[in-house]
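The values are calculated or read from the model by the stated rules, or taken from the named source; none is laboratory data. Since this is a predicted model, take the numbers as computed values, not measurements. Reconstructed Cβ throughout: ideal geometry from the backbone, glycine too, with neighbour counts over all protein chains shown. Calculation scope for accessible area: heavy atoms of the full protein, side chains included, ligands and nucleic acids excluded. Shrake-Rupley method; radii C 1.70, N 1.55, O 1.52, S 1.80 Å.
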Amino acid sequence: MNISFSKLFYAIASIVGIVAIMHFAKVILVPICFAMLFAFILYPMVKWLSKKGVKKVLGIILTLAGVFVLFSGVLVLFSAQIINMASQYSNFLDKLRETLETSVKFLNDKVQIIPDIETETILDRLSHLFSDSSFLIISDTVSVTGSFFSFLVLASIYTFLILFYSEHLTEALTRFAHKRKRRSYINMLREVQQVGQQYFTGMLLLILVLGILNTVGLLILGMDYAFFFGFLAALLAIIPYVGTTLGGLIPTIYAFIAFDSYWYPLGVILIFWFIQFIEGNFLNPKIVGGNMQINALFSIFSLIAGGVLWGIAGMILFLPMVAMLKVICSHYEELEPVASLIGERITEVQRMEEEKGVIEKVLSKIKK
C-alpha cells in the first residue's frame, strides 16, 4: 500500500476551497441551485409544449405562470388561516397564561425537590416579552417576507434562463469531455437531471399525500385550522428527520394551549406518530427513497452540513445535491469509491435479484 501526500494535499485543499466558496458565495449559489432543480422539474413540461408546436419562450412563460398560479393559491389558503389565527391572538395569550398558572401550581404542589416558583413573576415577564417583542415580530415578518419574494423573483429569472439555454448549456458542458467519451458524458448529465427531477417530483407528491393525511387526522380529532397545521407539517417534511418532528410539535403545542382536555394534544401526537410511521416505512421509500439511494450516514451528514453552510435552504438542497454527486462520481473510475461510500450498500441477494430481473426482461422480449 502506497500513499501520495501530494494527491492527498490537493484533495484536502480542493475540499476546503469548495466549502469556502459555498460559504462566501451563498447569496449567489442558493438561488442558482434552486433554479437548477426547478428547471429539472419543469423541463419535461416545456419539452412537451414544444412538441405541441408552442414556441420555446412562450412554453417556458406558460409553465412558470402555471407554477406561479398554483403557488399563489396555496399561499392565499395559508394566509387566510394565518389571519384567522392572528385574530385570536388575545385568546391565545389568555390560554397560555391559564396553562402556565396550572403548570406552576402543579409543580409547586407535587414536586417538593425544587423550591416554589413565583407565578406572578413569570406571568409579568411573559406579558412584557409579548408586549415588547410584538413590534419586532411584525418588522421581522415584513423583512423576511420581502426577502422571500425577492428570492422567488431571482430564482424564477434563473429558472427561465436555464430552461431557455438548456440545449446550449448541455452542448457547452459536453465539450469538457473527450470526443470518444461524449456519449457517456451525456448519459451522466441526463442521469443527474433525472435524479433532481425525480427527487423534487417525489417530494411534491409526498407533501400532497402527507398534507391530506394530516388534515384528515386533525379534522377527525376536531382541531381548528386543520388545513394549515396539516400542510405546514407536510411542507416541513422536506427537511429530513427534523421537519416531521417539528411539524408535529407545532399543532401539539396549539392543542395543549387551546383545549382544556389533555386528550387533544395526546391525540395529535398519536396521529402524527402513525402518519410518520407510514411515511417513513412506506411512502418515503416508494416515492422518494428509491430515487436517492443514499445511505443514512451521508443523509444525516448532508443535513447537518447544509444547515451549517446555507441554513434551511441547505438542509433542503444538500440531499439531492449529494445524490447528483453520487451519479457524477459513479461515471469516473477514480471517484467510484466515493460513489460507493455515499450510496446504499447492495447486498449479494439484491444483486442476484437485479440480475434475475434483467434476465427475465430479456427473455420476455425474446419471446415477444
Scan segment 252-262 and tell me whether some residue there is open to solvent by 10 Å² or more (accessible area, probe 1.4 Å), part of a helix (DSSP H, G or I), farther than 21 Å from Ile83 by Cα and free of Cβ contacts under 8 Å to residues at least 60 places away in the same chain. no
Any idea how many residues of segment 166-200 are hydroxyl-bearing (Ser, Thr, Tyr), open to solvent by 50 Å² or more (accessible area, probe 1.4 Å) and touching a helix residue (DSSP H, G or I) at 6+ places or on another chain (Cβ under 9 Å)? 1
Can you work out which of the residues in segment 207-228 that are modelled with pLDDT under 85 and surrounded by 20 or more Cβ atoms within 10 Å (Cβ to Cβ) is farthest from Leu42 (Cα to Cα)? Met223
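Which one of Leu205, Leu219 is more than 25 Å from Asp260 (Cα to Cα) and of a type in the set (A, V, I, L, M)?
Numbers: Leu219 fails: more than 25 Å from Asp260 (Cα to Cα).
Within the list Leu205, Leu219, the selection yields Leu205.
Here's a check for you: in segment 263-276, which residue that is of a type in the set (Phe, Trp, Tyr) and either at pLDDT below 80 or farther than 13 Å from Asn214 by Cβ (or both) is most open to solvent (accessible area, probe 1.4 Å)? Before you say what the answer is, go through the steps one by one.
Of the residues in segment 263-276, the ones of a type in the set (Phe, Trp, Tyr) are 263-264, 272-274.
Those still in the list that are either at pLDDT below 80 or farther than 13 Å from Asn214 by Cβ (or both) too: 263-264.
Values: Trp263: 184, Tyr264: 73 Å².
Only one residue fits best here, namely Trp263.
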Among the residues in segment 6-24, are any open to solvent by less than 90 Å² (accessible area, probe 1.4 Å), of a type in the set (Gly, Ala, Ser) and either touching a helix residue (DSSP H, G or I) at 6+ places or on another chain (Cβ under 6 Å) or not in a helix (DSSP H, G or I) (or both)? no
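Taking Thr201, is it in a helix (DSSP H, G or I), closer than 30 Å to Phe38 by Cα and free of Cβ contacts under 8 Å to residues at least 60 places away in the same chain? Quick ask: steps written out before the conclusion?
Working: in a helix (DSSP H, G or I): yes; closer than 30 Å to Phe38 by Cα: yes; free of Cβ contacts under 8 Å to residues at least 60 places away in the same chain: no.
It is false that Thr201 is in a helix (DSSP H, G or I), closer than 30 Å to Phe38 by Cα and free of Cβ contacts under 8 Å to residues at least 60 places away in the same chain.
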Checking the structure you have, find out if any residue of segment 330-340 is at pLDDT below 85, touching a Pro at 6+ places or on another chain (Cβ under 8 Å) and closer than 25 Å to Asn187 by Cβ. no
Hey, Ser79 hits all of (1) within 30 Å of Ala258 (Cβ to Cβ); (2) modelled with pLDDT of 80 or more but one; which does it fall short on? (2)
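Residues in segment 36-71 that are basic (Lys, Arg), open to solvent by 70 Å² or more (accessible area, probe 1.4 Å) and within 14 Å of Leu163 (Cα to Cα): how many? Before you say what the answer is, go through the steps one by one.
So the first thing to find is which residues in segment 36-71 are basic (Lys, Arg), and the list is 47, 51-52, 55-56.
Okay, now just the ones that are also open to solvent by 70 Å² or more (accessible area, probe 1.4 Å), so 47, 51-52, 55.
Checking which are within 14 Å of Leu163 (Cα to Cα) leaves us with 47, 55.
Number satisfying all stated conditions: 2.
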Can you tell me how many residues within segment 302-315 are modelled with pLDDT of 85 or more and open to solvent by 40 Å² or more (accessible area, probe 1.4 Å)? 2
